[in-house]
Structure formats: structure tokens, C-alpha cells
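First the structure, in the form of C-alpha cells, and then the observations on it.
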Amino acid sequence: MGAGTLAGPAPVNRAPAGASVAERLRNFGHLSRPDGAGHGTRPRERMTRAADLQGYDAELTARLPPVCNRPVTDRHRLGKCPIGGSSRSTASGESDPTGERKYFVATVLQQAFRRKSVAAMTSQTGDGEKGSGELARSIGLFELTMIGVGATIGTGIFTILSTAVPLAGPAVILSFVLAGVVAGLTALCYAELAGAVPVSGSSYSYAYATLGEVVAMGVAACLLLEYGVAAAGTSVGWSQYLNALLGNVFGVQIPEILAQSPEGGGIINLPAVILVGLCCLLLIRGASESTKANAVMVVIKLLVLVFFIAVGITGWQTNNFADFAPMGFAGITLAAGNVFFSFIGLDAVSTAGEEVKNPRRTMPLAIVLALVIVMAVYIAVAAVGVAAQPWQKFEGQEAGLSAILAEVVGSSWPGTLIAIGAIISIFSVTLITIYGQTRILFAMGRDGMVPPVFAKVNPRTQTPITNTIIVCVVIALLAGFIPIEFLYEMTSVGTLVAFLVVSVGVIILRRTAPDLPRGFKVPGYPVVPILSILGCIYIIVVGLRPITIIVFAIWVVVVLIWYFTYGIRHSRLGTRA
Amino acid sequence: MTLVVGLPRDERATAALHLGGLLARALDEDLVVVTVVPPAWPPGVGRIDAEYQEYLDQEAAEALDAAREALHGGVAADYVVSRARSAAAGLVEIAQERAAAMIVLGSSTAGVLGRVAFGSVAERLLHTAPVPVAMAPRGFRAAADTVVEQVTVAFGGAAHDTELAVAVAGVAARAGAALRIASFGVRPRTPLTAGVGSHAEDGIVEEWAHDVERAQQAALAAVAELPAPPAPVSATIGRGRDWASALESIGWGDTGVLAVGSSSEGPLERVFVGSRSSRIVRHSPVPVIVVPRGSAAALAAQAAEDR
């Protein structure tokens, strides 16, 4: 849909209600000059923060499709919305039913694509006035790379082989390459979108500021999968390693009935539920991960995986590679859709932009470096894994890395070490993922996209307790009752679509607001975003089971119905106007 | 009414005495300076205990003599040696005997200069004292003519916090000091690995501040309704990544004291410092008074009657 549809049949109110005539005229002037002549780019670094933000809002307002900030409450008010001031009534619209309908559609569309101004974003975080907001640019290349590695490793690699290898055979190594390259391309696009918004947030807030409310809601639908379902997936993996550890150390395991989802032959995956409960308690108490804690976790994770590689390589049998790609390229893509799960978290690098020294250089380097490290480790783990045992043995293997080492060495202690490392690192990943989920819903609650209870902060603990409990209950249910492969695939599809939207967003923003100051620009535009889009589409269409895509589509429709029945009326952007 | 000063036997004594003197002048009370010695054992064969006891008594007397010299500012004071099994028990006993309004203590020498640090006696009293406990920061000094200019009350926003604010307002009015209602929003940095940007926790603090501001307004209104409110009255919110920076962020003069309530989980009649209060106390650059909820209720009632 073009700007014409959005603008509606009437002149557009782009200035706030109290704006002077001169101001409106000036804004109008911008409209009539889509080439942007008259307000050239300013060197971003030289500007003060306040001027920067103002310039940003003005720039976007001038460039992007106009917005309407009135809530959709009744048709009466609707009719008046797009008029520049209430003095001009909508006589024509009210008397002519077709005109009114056209009007309604135009207005709803305008509201759906309204954007949150950066000034509003800063006032919400309180840094506009308090002065605490502007963060010192203190993160260098090494730390940023570690953030990327720390956020990525641990989500999937400990458990993904047993679901991915049966799909692709030893060629799963290529699936890691494919998924990794797509993840890297999307992370670069993500970094540009993040850098185009001078306030730091999640991809939901970036989409809200640049692409409009309904897109933000769609991104949020994906994020609920990327975070909520991912946390369920990691906690199921955690339960496998807990069981492996119990078996190795005490010779007792939690019975199948209490350690498997119903589809896997149990009733409930109790350890996974307990892990989510533990994370819930910690988050309510205000736990958080410091940069130092992240560094420690990165070291533990890498040590565990390097230990696996070092010990596992002694069981290397080249003839396990004899049947390299039993399922052909289709199998490789299917596995790529599955292992994409293990690359989520790489986008965390992009959201740190505001604190990064020299982001133009550091950002792409850190993304690429983190990706290279992560991919190298993953490929080594996968190669050692498939070399150690025939690929047919992976199916249904629980706590895979532990089991492989036990087989290679013929005793249980290496598996025990791996299990301990996995339990620690998966725990930290689950905690931080649930944390992210609560904070995204918190932001949505403040914007009026979900009920305000999500934005309620307990005065004593200073954490959003209700929000945390709701999130944890839902995640615990998913973890307790849904099999792990499905959780992986749902996370993958959510993440892929979110990245797809981000990549499309980069292209749209380059066209609609070419002069907008950006902290970081994608190298090789437009090739990188286009490749990123194609890569995402390819993995989604070819690499995921139809059932996953159908469930995802239903989920997005549900979220959009929610948006058009609740969000659009309760949006803070609407009620403020 | 009177204030009980628990007299340590070393260089910490001066801090406790100066705080006791400052508060006594402000509230127009007198002081009881107490030093505690262990009680005598049942007479034994060797009579060696009596000798030891004599030595302890002499030590105590010397400490009290030194205290007489250290206390300045024309405050009336009584000097007492208490025999009790523990210093905390001895202080509480004297406080109850004299119907004292407060127990005043110094900081442990293990703490940082200029900050409050709990010693063993303070740890115990902060969980059991029936009356408010005042703690001087380590190395605290107050000149003979210093007055308390501002009383800050740490305000959490719960129902009993308003009562505390009213109670402290009454005391501040009696001391002729200004009242400041302060709340502290403390959240660590947003972990960057979560991928939600660097401001997620700032948003939490802002939403919290929004709610607590309303509670502060209610408390301010309750204070304004007092027959003799302190003046001026203000409210502020401190923010920080940790308690130290949150407390620092609201600024402190040299002549203020901080009042905190005891935890809502502890017994009603006694001081019980919760994890939150204890963090506030430990990072306070000014003397702290911990008020048990029972005392707060009584003081609030008294404030409502004061003319």
C-alpha cells in the first residue's frame, strides 16, 4: 500500500493539536518536497543528544507516511480524525456512506501505521530529564563479540543434534553453515535498523519507531516465539541433561512419566517446569546478568564444548561420513530450519549499539566475529558428533553430547562433566531469555498493546511481578507439555519472520528516509538485505514443516485480531493525542 | 523522656556521644550514657572473679569519665554502668527502665569511614529493640552548636510507610527540621545479552517511580494535615544502578538524619531491619534512625495531637 492510501482523502494532521499555523505549514512544506531538499543531513556525532532526537523525529515525520494519533473508539470520532484540526468537520463523510467507509479504512490504516516518536521513547525511559539516559560508549570490539557469543551459544547446541541429524545425516554440518550465514545477514540488517533509532530497545521498539504500530505488533508476535517458546525449548533441553547427570552420579533417573511431554510418552516434563519456576523466583527478586557474569558464562560454555570436541575427536570414525547427505539438499535445508534455533541471540549484539564505541566499525566486525566463533564451535561439535556415531543413532538420543562422550570413552565421567556444564549454561540462557520476554511485554504494556497489568511494577521488589508470573506460567506449560522439536521449529519460524520483517524494514527505510542519520549502515546494500530476505524465506518455506508454518500463521492472525480489537483502541499513542 | 547512648569502649565512643548529643539537643531530651559489663559469676572458691569484676568496673568507670569529657553542647546526661549478659540486653533493659525514646549506637570499626556499619550489638538491636535505634556513621562528629536541619524519611510506598512519614514528620517538627520524603529506585543495568536494549530496566524504574510519586503525594497530604507540620516538606526519588548511587543521587547536607522503618515482615513492636532497609542504612552518609512499626504508630498518633 502506498502513501496515497494512507494519507486518506483529507489533508493530514501531522502537527500536534496545539501546533502553530506556521509549524503546520512548515510540515506541509516537507510533504510537498519528498526529495528532502531543504533539510540536509547533519553529522550525527556533532549534534547534542536533544537536537539529535528532535532532528530524528522531524526527519521521520517528514519522510514517512502520515500518522493519526486518535484512538478508534467510535465511528463518530473516527470521521474527524484525519482533518487538520477540528474546525473542519467531516460533513461529506457523514452524509455519504461509501465515503464514510473509505474514510474508516483510511483512518484505521493510518492508526495502524502510526509510529512512536523517539522523544516519547526517551521520556518513557526517563533519561530525557534525569540525565542518566545517555550511556557512555564503553563497549569495545572484544566485549561486544563476547556479548554475541554469550547470548548465542547455549540456546541449542547442547540438544539440537538429536533432532537435526536425523533430518540431514552428517550433512548437518552444512545446515549449520546455511543457518549461520542467514543469521549473520539478518543480524547485520538488524544492526542497521537498531542504529537508525537513537534510543536502544528491542526489535519491537525499533519497528514501532520506524515501521508503524501494526508492524511492531507483528514483530512482537514473532518475539513472543523467539523468547517465550525458546525458553520453553531450552528448559526441556535442561531437563534432559539433569536426568543424564542424575543417572551418571546417582544411578537414578526421574521416571519417564515425569520427564517427558505427553507426545514423548510421559505426562509432564517436570524438571523443565521446575527450572522455569526457579527462573521466575529469581526474576521476581530482581536477578539480572552483569557483563561479568556473562563473561564467566561464555568461558564455561566454551570450555564445555571444547572439552566435548577434544574428547569426542578420539572417537573419530571417518566411515560415519560415508553416507554424507542421505536426504539430499532438502534434508540439509530441513535441518537448517531446525538448527536456526541455536543461532538466536546473535541479534543481541545489534541492540547494544548505543553503548558501543565507534559503532560503524565495531558493530559489523563484532557480529561477524561472534558469528565466526559460534559457527566454528557449532561445526566442530557437529562434526565430532557425527564422526563418533552413525547418524541413525541420533534419533531420540537425549542429552546428546553426554551420551556421545559416554560411548566414545566407555565411561561416564566425561558425560557427567558435559552435563554439569550444560546444566549451568542452559540455566543462564533460560533465565536471560525469560527476562527478555518479560521486558518486551513490559514495553508493550506501557504502549497499551497488551493490558496494563504487564507494566505494573511491584513497589517492594521493583520488578514486574504479575508480568513475570504470567510469562513463566505460559512458558512452563509449553515446556511441560510440548515436545522439543516443535518448540525449536516454532522458535525458528518466529525468529526468521522477525528478521525478515527487519530486513524488509531496512530497505523500506532506505527508500522513505534516505537521509535519516544511522549509527550503522549495512555493507553491500542492497545485496545484503535482499540475500537476508531470500535466505529467511528459503529456510521458512523449504526448511520448516507445514504444520509449523500453519501454527505460526494462526498465531500471527490471532495477534493481529488482538491488535485490531484491543491494541488499536488502547494504544498510548492514541490516548495521548 | 530520655535517649540511651550505648557507649563503646574505644574510639567509636565519640561518634555515638556526638550523635546522642545532637539528637538530645534537637529533641530537647536528656541522655543516659550506658556501658555494659558482664554480671558477676556465682562466688567460686578462688575469689578470682571478684578481682576480675573489679577490673571491669574500673574500666567502665574510666570509659564513663572519658565520655563526660567528650560530650559537649550542654546536654544533661546521666552515666550508668549496666550489668547484663550481653551489651544489647543491657541497653534494652536501661531503655525500658528509663522509658527511653531511642537507643543511640556507633558504627563498627570494620566499616567505611562516613558510612553506617553494623557491629554485633547493632545487628542484635536492629532485630530486637523495642524503641527506635539511631546509628552514627563511622567517624561521625557534630560540633556543639550543630542542629538537625533536615530529616529524610525512606519511603517505600506501602501503607505503613505513610504512617512512618507522619511519625517522622512529628519528630522533625519538634526538632524544627525540614522533612524530606525520599524513595529509592534501584535496578541494575539491563543485561545486553537479552537483546532488549540498554533501557529496559530504566523503564521499570520509571513505571515504579510513577506509582511511588502518587504514594508520596498521599503521604505529603497526610503530613500537611498535621496540626503542627514541619517546614519545609519535600519529596524526592533517588535512582541508581545500586543502592550507593541511588542514595547519593538525592544529595545530603552535613546536618541531616535519615529515618527508615523496620521491615513489614518483622514483629510489630520491635525494630527489624529487612534486606531493603539494611541496604539503605548501610549506604547512608548521614546518621540513621531505624523506627519499629509499633513506635511509628505511637509517634504518628502523638504527632496528630501535638500542637
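The values are calculated or read from the model by the stated rules, or taken from the named source; none is laboratory data. For clarity, every value in this text was computed on a predicted model and none was experimentally measured. Backbone-built Cβ (ideal geometry, glycine too); neighbour counts: all protein chains shown.
From A:T438, A:T463, which residue is part of a helix (DSSP H, G or I) and β-branched (V, I, T)? Step through it out loud before you land on a result.
On the way: A:T463 fails: part of a helix (DSSP H, G or I).
Only one candidate qualifies: A:T438.
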Within the range B:149-163, restricting attention to residues that are part of a strand (DSSP E or B) and not β-branched (V, I, T), which residue is nearest to the other protein chains (Cβ to nearest Cβ)? B:A154
Residue selected from the range A:287-327 under the condition assigned to a loop (DSSP other than H, G, I, E, B) and within 14 Å of chain B (Cβ to nearest Cβ), by the criterion surrounded by the fewest Cβ atoms within 10 Å (Cβ to Cβ): A:S290
Flag if A:I423 is more than 11 Å from chain B (Cβ to nearest Cβ), assigned to a helix (DSSP H, G or I) and either surrounded by 24 or more Cβ atoms within 10 Å (Cβ to Cβ) or among the aliphatic types (A, V, I, L, M) (or both): yes
Given (1) more than 30 Å from A:T565 (Cα to Cα); (2) in contact with a Phe, Trp or Tyr (Cβ under 8 Å, 6 or more places away or on another chain), index of the condition A:M449 fails: (1)
If I ask for residues that are in contact (Cβ under 8 Å) with a residue 12 or more places away in the chain, closer than 17 Å to A:L573 by Cα and part of a helix (DSSP H, G or I), which ones from the range A:442-456 would you list? A:F442, A:A443, A:M444, A:G445, A:R446, A:D447, A:A455
Go through the range A:248-276 and count every residue that is modelled with pLDDT of 90 or more, more than 28 Å from B:D202 (Cβ to Cβ) and part of a helix (DSSP H, G or I). 6
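Consider the range B:172-198. How many of its residues are of a type in the set (S, T, Y) and away from chain A (no Cβ under 14 Å)?
Step one: filter the range B:172-198 for residues of a type in the set (S, T, Y), giving B:183, B:190, B:193, B:198.
Okay, now just the ones that are also away from chain A (no Cβ under 14 Å), so none.
Summing the residues that are of a type in the set (S, T, Y) and away from chain A (no Cβ under 14 Å) in the range B:172-198 gives 0.
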When you scan the range A:224-243, do you find a residue that is over 19 Å from A:A476 (Cβ atoms), in a helix (DSSP H, G or I) and in contact with a Gly (Cβ under 6 Å, 6 or more places away or on another chain), even just one? no
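Within the range A:367-380, count every residue that is buried (at least 24 other Cβ atoms within 10 Å of the Cβ) and modelled with pLDDT of 90 or more.
Step one: list which residues in the range A:367-380 are buried (at least 24 other Cβ atoms within 10 Å of the Cβ), which gives A:367, A:370-371, A:374, A:378.
Next, from what is left, pick out any that are modelled with pLDDT of 90 or more: A:370-371, A:374, A:378.
Number of matching residues: 4.
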Could you give every pair whose Cβ atoms fall below 8 Å, whose first residue belongs to the range A:294-321 and is assigned by TED's automatic domain parsing to the domain that holds A:I418, and whose second residue is hydroxyl-bearing (S, T, Y), counting only separations of at least 6 or pairs across chains? A:N294/B:T193; A:M297/A:S425; A:M297/A:S428; A:I300/A:S425; A:K301/A:S425; A:V304/A:S425
Run A:T491 past the list (1) hydroxyl-bearing (S, T, Y); (2) within 28 Å of B:P188 (Cα to Cα); (3) at pLDDT 90 or above and report the number of the one that doesn't hold. (2)
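Identify, from the list B:H199, B:H210, the residue that is closer than 23 Å to A:K456 by Cα, crowded, with 23+ Cβ neighbours inside 10 Å and without any contact (Cβ under 8 Å) to a residue 40 or more places away in the chain.
One residue alone meets the criteria, B:H199.
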Of residues in the range A:439-460 being more than 9 Å from chain B (Cβ to nearest Cβ) and β-branched (V, I, T), the one nearest to B:F155 (Cα to Cα): A:V453
Out of the range B:199-228, which residues are in contact with a Lys or Arg (Cβ under 7 Å, 6 or more places away or on another chain), small (G, A, S) and within 13 Å of another protein chain (Cβ to nearest Cβ)? B:A200, B:G203
Name, by its number, the condition in (1) within 17 Å of the chain's Cα centre (by Cα); (2) within 14 Å of chain A (Cβ to nearest Cβ) that does not hold for B:V166. (2)
Mind checking whether some residue in the range A:339-351 is surrounded by 15 or more Cβ atoms within 10 Å (Cβ to Cβ), in contact with a Leu (Cβ under 7 Å, 6 or more places away or on another chain), away from chain B (no Cβ under 14 Å) and touching a residue at least 24 places away in the same chain (Cβ under 8 Å)? yes
Residue by residue through the range A:209-220, note down the ones that are under 13 Å from A:L500 (Cβ atoms) and in a helix (DSSP H, G or I). A:V215, A:G218, A:V219
Answer residue from the range B:45-97, given it is surrounded by 13 or more Cβ atoms within 10 Å (Cβ to Cβ) and polar (S, T, N, Q) and is farthest from B:T128 (Cα to Cα) among those: B:Q53
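Yes/no matrix, rows are residues, columns are (1) farther than 30 Å from A:E143 by Cβ; (2) touching a residue at least 12 places away in the same chain (Cβ under 8 Å):
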| site | (1), (2) |
| --- | --- |
| B:R124 | yes, yes |
| B:A175 | yes, yes |
| B:R187 | no, yes |
| B:G195 | no, no |
Which one is surrounded by the fewest Cβ atoms within 10 Å (Cβ to Cβ), of the residues in the range A:181-209 that are away from every other protein chain (no Cβ under 14 Å) and under 16 Å from the mean Cα position of the chain (by Cα)? A:G184
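So if I check each of B:A134, B:A169, B:A142, which one is assigned to a loop (DSSP other than H, G, I, E, B) and either buried (at least 21 other Cβ atoms within 10 Å of the Cβ) or not assigned by TED's automatic domain parsing to the domain that holds B:V223 (or both)? Can you show your working first?
Working: B:A134 fails: assigned to a loop (DSSP other than H, G, I, E, B); B:A169 fails: assigned to a loop (DSSP other than H, G, I, E, B).
Answer to the check: B:A142.
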